[in-house]
Structures are given as C-alpha cells and as structure tokens.
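The values are calculated or read from the model by the stated rules, or taken from the named source; none is laboratory data. All values derive from a computational prediction rather than experimental measurement. Cβ: placed from backbone, ideal geometry, glycine included. Neighbour counts: every protein chain shown.
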Amino acid sequence: MSSSVKFFYGEDLPLEMHKVRVVQKLNVGTIDERLAAIKEAGYNTFLLKNKNIFLDMLTDSGVNAMSDLQVSAMLSADDSYAGSATFTKLEDKLRELFNTRYFLPAHQGRACEHLLAKTFLKRPGMVVGMNYHFTTARSHILLCDCFVEELVAEKGLAVTSDDPFKGDCDIDKLNDFFTRYPIENIGFFRVELGTNLIGGQPVSLGNLREVSAVCRQKGTPLVIDASLMADNLYFMKTREELCAGMSIREITAEICKCADIIYFSARKLGCARGGGICTDKKEFYDAIKTLVPIYEGFLTYGGMSVREMEAMTVGLDETMDFDMICQGPEFISHMVEKLLQINVPVITPAGGLGCHLDAMRFLPHIPQTEYPAGALGAAFYIASSVRGMERGTLSEERAPDGSEKLSDMELLRLAMPRRVFTLSQIYYTVDRIHWLYENRKLVGGLRFVEEPFMLRFFIGKLEPVSDWSQKLRDAFVSDFGSEM
Ligand SMILES: Cc1ncc(COP(=O)(O)O)c(C=O)c1O
C-alpha cells in the first residue's frame, strides 16, 4: 500500500502501485498556439481540442486509466441485445458489493438522474433535499419544475479547514427540512459521496448513518450518488475511526445499508463508461424499470456497450483494493501540499477528484459576475497547456428573472484522473500555477457572447473583458520565450 512505504531520506511521496504499459503521446505547443486555441474555444476549456492540450485535467469522467485485466475482459463480451451474459456478470458483481438485488443499467450518471427525477417528481413544486447539488442532478430536477434544497453542514462551505468530512449533512437542518415540507412534497433525499462542486470533500459513515435514520423515520427514500465513492472510501478508511478496522468491501457494504437507492457514473466509479441504479426495494425497481427501455436501451444493456460493462465489472472489483483507490487522493494531497508551500490558495483539506484552486483568493480583483474561476481556467491553459474545469458561477444557472446566481465557491478544478499522470507532470503543473500566481494581477474577467439557458458551462462561449490575455501572453514570452 502506497501510504505505508517509507523513504530512507524521509520525503513523503505518493508511490504508484502500478506500472504504465500503454502510453499516449502528448505535446505542449507554443504560447501563441494556446492563445489562438482558447480564443477559438470562446475562453471555455470544454471547447478546446485535445490536440491543443498537454495535460487534460478537465475531469476524471471516462478518462481514468484501465487495468490490463479490464482491457482483456473487454475482448470476451457477450453482445446479445437481451439476456447478455455480460450484463449478468455485472449484475452479480453489484449484488455482491452493494447487497442490492436489483440493477438497472443506464448510459451514464446523468441518465440515472433523469430516470430518478422522472420517477419520483410526480408534479411541479416538489423538493429534493441534498447535502450539495451536482450540476446535472439539479438540472433534471429543475426540468421537472421542482427544486433543490442543500443541507450541507456549514463547515462544507469553508474554503480552508482541517475538517476531514466537509461533505457531511447538517442533521439539525435535515430535521428542520422535514418540518417545513409535507412528506408528499419531498421527492427524495440525495447524498453525494465525495461532493464534486465543493472540492471533492467526503461524507463520513457516521453522518450517513444519521441521515439514513432520519430519512427512514420520515419515510423519504435516501438516494446515494456513489459516482465519487472510490475517493470517499479512501477517506473513510484513513480519516474515520469507525472505519479504520473495516476492509474497503465492508465499508462499501455499510454505506449501501444506509441507502434505499444507489446510483453511479461508471465513468468515475469502476473506470469504464456507463452507469446504473441499484436498489433492494422491488417497488422502486418496478417504478423505474419501465423507463429504461424508453430512454436508455433494453434492461440488459441500458445504452452501454457490452465491452464497457465487462470492463466495469472488473473495475468495480478493483475499486475494493486500497492500492487502487489511494492513488488519486494521495497525488492530490501531494499537489495541495506543494501549492501551500508557495502560498497558492487551494481548498483544504485536500479532497478527492482533483486539486481545487480557490479563484476568489487567487484573483480577488475579479468580481463573481465576471467569472473568476472561468478566467483562471482560461489563463492557466494559456500559461501551461493544462486544461482544468471551472466550478463556480459559470456552472450555476441564472435565476428566473435573468440575474446571476453567485456560487458558494469559485474553484478551478484540476482533476486527477486515476492512475493517469506521473509526479513530474504534477510538478510541471505546480510550477506553472506558481508562475501564474506571480502574474495574477494581469488576469481579467470574462463575459458571455453565447449563453445557453442551462448547463451553460458546457458549451457557452465567452470573451475577455479587456486585452488581458494578450498581456499575459507577453509576460509569459518575456520569461520563457515564444517557443514554449
Ligand atoms: C457526483 C457526480 N454525480 C453525477 C455525475 C454525472 O455522471 P456522468 O458524467 O456519467 O453523466 C457526475 C459527473 O461528473 C458526478 O461527479
């Protein structure tokens, strides 16, 4: 196990417990190529082309490294439309790990969110409680003319903290939530493990048990979003006394005992591409199952390729190995430590999913209405050829009157797809963040030129509010030359 290997000279380094056997060539490009590429992409890192990117830290979704066993499993898939043996294998694996009898496949995480919203939100005006929303989870609820209430504990919104479980729900707020809404107006309660939008912060098993007890007493289904469960398992094992003596499989089983429904994006959990919904409750299975052939595909593939399902079965099993799940969080923690040493503002404690730069402290001169995290993402790409993702006001939806909803945090997420990057690539990234931090006053804000009505961060186009990107380019050339 990586964290137990000690170095003779005392340094604390995250040691890879795997070796690289297939590689992809990368290019850094020149500063002028990057400036042209980000202009063409409307200053939105989602719209960059991979050929113009050196390190792709946009997301961990569908881009984790696969193991040799996953790749070889893909070759023996059964592609029957109905009754595929590949599906049965996956279903059996989920039964074994989650102790749930029923599995409904879907093409990815947001498809599960769509099916859940369609099933549980029966009329406009219903509410879904959550520790914290995820963009696509909330959009499906809004599209049903329903709404979300967030009950994350106050500690979750503190950008710097040493609290180990900033994704926990506030139990007082949860009890209060049930006094404010009649039970028939509550669709379900959703707990997201490894909270994506607030820095990949985990939920504790202790808190999950409390939430589950309240939801069961009130009669509201508890839905767990397990997309980021791999990182959350690592943090439960290493940070929570309750879990210290349990194996990863045992912790997984304890998590699942708390839930009525578990759904996941297998682009994250299981290092493949797909998703699904698991439950032990026949009434929920029956209620959702009719929608699967309509929106996803037949019940034994749900829009997924059988090859991906084979890889997922192996990937889910490998997620039970501490050596596998420790790699992401340990690399992230190492990167966060390096950034703290040079006083770069980051979310602490280090979470899962990626390293999160705090754009409000990095670029305090940019108002939230000019999207500081989006500007930081564009500026960092220009300086480094590393692609991150904005997680801030750009990732919010406007209020019905058209005004901006300012997000709780303005983060530039530098995702750490599992087992993909090397330490020297992390050090390069830290070096370029350092350079940008020294030159941060040059960076200015952004404004929309094309703004979609929902999930605008995916495909919206922006422009700089001044000629700051050119000035940033000139500063870079004077330090590094124009060939880098
Ligand atoms: C916590 C969480 N839930 C759901 C999703 C949606 O999954 P997908 O991208 O597979 O649709 C994501 C994706 O980033 C996520 O991080």
Quiz item: What are the residues in the range 181-194 that are in contact with a Pro (Cβ under 8 Å, 6 or more places away or on another chain) and in a strand (DSSP E or B), if any?
Solution: Phe188, Phe189
Quiz item: Just checking, how many residues over the range 68-92 are closer than 11 Å to Gly315 by Cβ and in contact with a strand residue (DSSP E or B) (Cβ under 9 Å, 6 or more places away or on another chain)?
Solution: 1
Quiz prompt | Qualifying residue in the range 245-254 (condition: away from the ligand (no atom under 14 Å from the Cβ) and in contact with a strand residue (DSSP E or B) (Cβ under 9 Å, 6 or more places away or on another chain)) | solution = no
Practice problem: Please work out which one of (1) within 19 Å of Asp231 (Cβ to Cβ); (2) within 16 Å of the ligand (Cβ to nearest atom); (3) not in a helix (DSSP H, G or I) is the condition Gly156 fails and give its number. | Solution: (3)
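Let me confirm something: among Ser478, Ser395, Ser384, which residue is hydroxyl-bearing (Ser, Thr, Tyr) and loosely packed, with under 14 Cβ neighbours inside 10 Å? Reasoning before the result, please.
Working: Ser395 fails: loosely packed, with under 14 Cβ neighbours inside 10 Å; Ser384 fails: loosely packed, with under 14 Cβ neighbours inside 10 Å.
Only one candidate passes the filter, namely Ser478.
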Quiz item: Has the range 183-201 got any residue that is free of Cβ contacts under 8 Å to residues at least 40 places away in the same chain and either in contact with a Ser or Thr (Cβ under 6 Å, 6 or more places away or on another chain) or not assigned by TED's automatic domain parsing to the domain that holds Ala415 (or both)?
Solution: yes
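Of the residues Arg456, Arg419, Arg413, Arg447, which is crowded, with 16+ Cβ neighbours inside 10 Å and out of contact with any Lys or Arg (no Cβ under 9 Å at 6 or more places or on another chain)? Lay out the reasoning, then the answer.
Values: Arg456 fails: out of contact with any Lys or Arg (no Cβ under 9 Å at 6 or more places or on another chain); Arg413 fails: out of contact with any Lys or Arg (no Cβ under 9 Å at 6 or more places or on another chain); Arg447 fails: crowded, with 16+ Cβ neighbours inside 10 Å.
Just a single option satisfies the conditions, and that option is Arg419.
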Practice problem: Select from the range 251-270 the residues that are over 19 Å from the mean Cα position of the chain (by Cα) and assigned to a loop (DSSP other than H, G, I, E, B) and write down the one among them that is nearest to Thr319 (Cα to Cα). | Solution: Ala259
Quiz item: Is the range 218-229 home to any residue that is touching a Leu at 6+ places or on another chain (Cβ under 6 Å) and surrounded by fewer than 24 Cβ atoms within 10 Å (Cβ to Cβ)?
Solution: no
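From the set of residues in the range 162-200 that are more than 12 Å from the ligand (Cβ to nearest atom) and basic (Lys, Arg), which is farthest from the chain's Cα centre (by Cα)?
As a first pass, look at the range 162-200 and keep what is more than 12 Å from the ligand (Cβ to nearest atom): 162-166, 168-189, 199.
Checking which are basic (Lys, Arg) leaves us with 166, 173, 180.
On the way: Lys166: 15, Lys173: 25, Arg180: 30 Å.
Only one residue fits best here, namely Arg180.
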Quiz item: Just one of the numbered conditions (1) surrounded by 19 or more Cβ atoms within 10 Å (Cβ to Cβ); (2) among the β-branched types (Val, Ile, Thr); (3) free of Cβ contacts under 8 Å to residues at least 12 places away in the same chain is not true of Ile262; which one?
Solution: (3)
Quiz item: Which of (1) away from the ligand (no atom under 16 Å from the Cβ); (2) in a helix (DSSP H, G or I) does Ala230 not meet, given it meets every other one?
Solution: (1)
Quiz item: For the subset of the range 155-184 comprising residues that are in contact with a strand residue (DSSP E or B) (Cβ under 6 Å, 6 or more places away or on another chain) and surrounded by fewer than 24 Cβ atoms within 10 Å (Cβ to Cβ), which member is farthest from His114 (Cα to Cα)?
Solution: Val159
Self-check item: Matching residues in the range 338-388 - criterion: being among the basic types (Lys, Arg) and within 27 Å of Val465 (Cα to Cα)
Solution: Arg361, Arg387
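Can you say whether Ser139 is touching a residue at least 40 places away in the same chain (Cβ under 8 Å), outside any strand (DSSP E or B), more than 16 Å from the ligand (Cβ to nearest atom) and among the hydroxyl-bearing types (Ser, Thr, Tyr), as far as the supplied structure shows? So that I can check it myself, show each step before the final result.
Numbers: touching a residue at least 40 places away in the same chain (Cβ under 8 Å): yes; outside any strand (DSSP E or B): yes; more than 16 Å from the ligand (Cβ to nearest atom): no; among the hydroxyl-bearing types (Ser, Thr, Tyr): yes.
In short, no.
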Exercise. Hey, can you tell me all the residues within the range 73-89 that are on the phi < 0 side of the Ramachandran plot and either surrounded by fewer than 13 Cβ atoms within 10 Å (Cβ to Cβ) or not in a loop (DSSP other than H, G, I, E, B) (or both)?
Key: Ala73, Met74, Leu75, Ser76, Asp79, Tyr81, Ala82, Ala85, Thr86, Phe87, Thr88, Lys89
Quiz item: Which condition number does Gln70 fail, the rest of (1) of a type in the set (S, T, N, Q); (2) part of a loop (DSSP other than H, G, I, E, B); (3) modelled with pLDDT of 95 or more being met?
Solution: (2)
Quiz prompt | Where a residue in the range 269-281 is in contact (Cβ under 8 Å) with a residue 24 or more places away in the chain and under 22 Å from Gly200 (Cβ atoms) and its partner, wherever it lies, is among the charged types (D, E, K, R) and within 15 Å of the ligand (Cβ to nearest atom), with Cβ under 7 Å and at least six apart | solution = Cys271/Arg418; Ala272/Glu308; Arg273/Arg267; Arg273/Glu308; Gly274/Glu308
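Just checking, how many residues over the range 142-153 are more than 16 Å from the ligand (Cβ to nearest atom) and not in a loop (DSSP other than H, G, I, E, B)?
Start the filter on the range 142-153 by keeping residues that are more than 16 Å from the ligand (Cβ to nearest atom), which leaves 144-147, 149, 151, 153.
With not in a loop (DSSP other than H, G, I, E, B) added as a condition, the list becomes 147, 149.
Number of matching residues: 2.
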